[in-house]
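The values are calculated or read from the model by the stated rules, or taken from the named source; none is laboratory data. Model, not experiment: these values are computed from the prediction. Virtual Cβ from ideal backbone geometry, glycine too; neighbours counted across all protein chains shown.
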Amino acid sequence: MGLKGDLGTMGLEDILQWLAVGKKTGVLELQGFMHTKRVAFAEGRITGVWSSDPREYLGQYLLAFNRISEDQLREALASQEDENQLLGRILVNRQLITETEIRRIVQLKVDESIFDVFLWEFGNFEFHDGAQPPQKAVLLNLDVTGIVLEGARRVDEWKRIKKVIRGGDTVLDAVSEAIAEMLPLAPEDADLLSRLNGSKSVDELVIEMRATDFKVQKLLFDLHEKGMVRITRPGGKLGERSSLQLQRARHLVEKQKLQEAQSELMNILEEQPALAEATRMLEVVEHMLDDVDIDESQIPELAISIEDLMQAQLGPNEAFLATRVNGVWSVKDIISISPFTHEECLTIFSKLLKRGILKVQMPYSGGIQPGASRY
């Protein structure tokens, strides 16, 4: 027996409990405005999660925990097609990480992916009774009860956090006097505080730390409660009307109604020109409309000095990709280790090329061919 509906009508907590009590086996598909997630069940227990959000890929979690380097991840992903094995198995075989560590991080990844859905304001669900998981994965055996309780707790905590940190455009700075009184600091607090400079937004911190929005904002909220950080620029410029428009634009993109999505996003930016999320989405849409062809085997290089790059006023996502350009990695290599979608990465590369910030080299069998730059 299948089940489908709107998360606003039947919440995730009720869905998970229904599947657990009924000892259901199958796949629960959760569709948000930006991403899709699938949760595999066996006899009412969770055995795995698949997500279309690049930030929730195993490689990103391993990078966040400093268990592998970006170069090790790139090499493992490049060999994955030939070896036809799970990323975790490849890394274990190369003795870069233990099976115990992989299983622990996979379980954490699954938990966080489900907890994220508890914070969705909109979405649809459908349970495919008896369906098999969408892909091979490390099999788990997780009880639903603990996940439901933690998810409900996070919903309450998220409401408190949003009263202080109202959006990803919020900027905070460290209060050195208060920090000195709180020494020694927890490692996560020390890491986050070291990244604050009075101009870095919450969105930038999330990308830098490869962490979830909830984790970063919870750490900042707790530090703010202790007086160790202060808000230098309040966030939350996105009003209720714009929020609904943005959700509609996402839905139009998913349905490939690109002209309508472009019009909707341009209307939003006319009212909120500094809205980063709408700007990024419009860039993706216009890239899809322009159908710009970028050869992913090309080797990007900086076309300007490091000093000029620092003054180029790049967005957080643009800065992330630009700082991974080393004259050795191809466009495909850089995309493979980034926490953004494939389409967004291509859009950013196209924009950086047009602005003259990057140039590209065409690779050949003997290495990078001299004089093959294309601007």
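Exactly one condition in (1) exposed (fewer than 14 other Cβ atoms within 10 Å of the Cβ); (2) modelled with pLDDT of 95 or more; (3) under 30 Å from Ser52 (Cα atoms); (4) not basic (Lys, Arg) is not met by Ser194; state its number. Here Ser194 clears every test but (3).
The number of residues in segment 47-79 being surrounded by 19 or more Cβ atoms within 10 Å (Cβ to Cβ) and of a type in the set (Gly, Ala, Ser) comes to 4. Across segment 97-135, the number of residues qualifying as assigned to a loop (DSSP other than H, G, I, E, B) and in contact with a Ser or Thr (Cβ under 9 Å, 6 or more places away or on another chain) comes to 4.
Does Glu188 fit the bill of being assigned to a helix (DSSP H, G or I), farther than 26 Å from Thr341 by Cα and either in contact (Cβ under 8 Å) with a residue 24 or more places away in the chain or among the charged types (D, E, K, R) (or both)? Yes: the conditions hold for Glu188. Within segment 291-310, the set of residues being assigned to a loop (DSSP other than H, G, I, E, B) and exposed (fewer than 10 other Cβ atoms within 10 Å of the Cβ) comprises Asp291, Asp293, Ser305. When Ser113, Ser52 are checked against the criterion of being of a type in the set (Ser, Thr, Tyr), at pLDDT 95 or above and under 23 Å from Ile335 (Cα atoms), a single residue qualifies: Ser113.
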